[in-house]
Ligand SMILES: [Cu+2]
């Protein structure tokens, strides 16, 4: 049964806020980035680099404008989807930003484990500049809640 448009958007906003809180909680533990485990759900998502990690930031975070993730599941396992947005994401131990610059197109494997909690880019690959992406997030529209200052 399709949900009305407004509540779905509201749920997406709530989800984004919840994820930002998760990322912040994970960041507050400090130290080096933990690896995601087998319990994590994984999503392959494409996007555009908005900002590279700040030199001293721990954990390192990549700010990405990503395409929608229609299969995204919330903490209960319900598939709620995630709209295209700009978000700062922790980089896992195996994800390297070497050779990347703002504006570059990438494909990322996003690992999400609500039980730890953990949201991180597990793998990152550069895509050809000619790759067509569907990015609805406004340019420069970094969600401040998802991009905490530290
Ligand atoms: Cu997102």
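In the range 19-40, which residue that is in contact with a strand residue (DSSP E or B) (Cβ under 9 Å, 6 or more places away or on another chain), at pLDDT 65 or above and away from the ligand (no atom under 14 Å from the Cβ) is farthest from residue 115 (Cα to Cα)? Filtering first and then ranking leaves 33. Looking only at the range 99-118, decide whether some residue is at pLDDT below 95, surrounded by fewer than 20 Cβ atoms within 10 Å (Cβ to Cβ) and touching a helix residue (DSSP H, G or I) at 6+ places or on another chain (Cβ under 6 Å). Scanning the range 99-118 turns up at least one residue that is at pLDDT below 95, surrounded by fewer than 20 Cβ atoms within 10 Å (Cβ to Cβ) and touching a helix residue (DSSP H, G or I) at 6+ places or on another chain (Cβ under 6 Å). Considering only the range 70-96, state which residues are assigned to a strand (DSSP E or B) and surrounded by fewer than 18 Cβ atoms within 10 Å (Cβ to Cβ). Within the range 70-96, 73, 79 qualify. Looking at the range 35-51, which of its residues are under 14 Å from residue 108 (Cβ atoms) and outside any strand (DSSP E or B)? Of everything in the range 35-51, those that are under 14 Å from residue 108 (Cβ atoms) and outside any strand (DSSP E or B) turn out to be 36, 40.
Quick grid of which residues meet (1) within 13 Å of residue 49 (Cβ to Cβ); (2) within 15 Å of the ligand (Cβ to nearest atom):
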site: 66; (1), (2): yes, yes
site: 69; (1), (2): no, yes
site: 77; (1), (2): no, no
site: 80; (1), (2): no, yes
site: 98; (1), (2): yes, no
site: 103; (1), (2): yes, no
site: 116; (1), (2): no, no
site: 121; (1), (2): yes, yes
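The values are calculated or read from the model by the stated rules, or taken from the named source; none is laboratory data. These numbers were taken from a predicted model, which means no experiment stands behind them. So basically every Cβ, Gly included, is an ideal-geometry build from the backbone, and we count neighbours across all protein chains shown.
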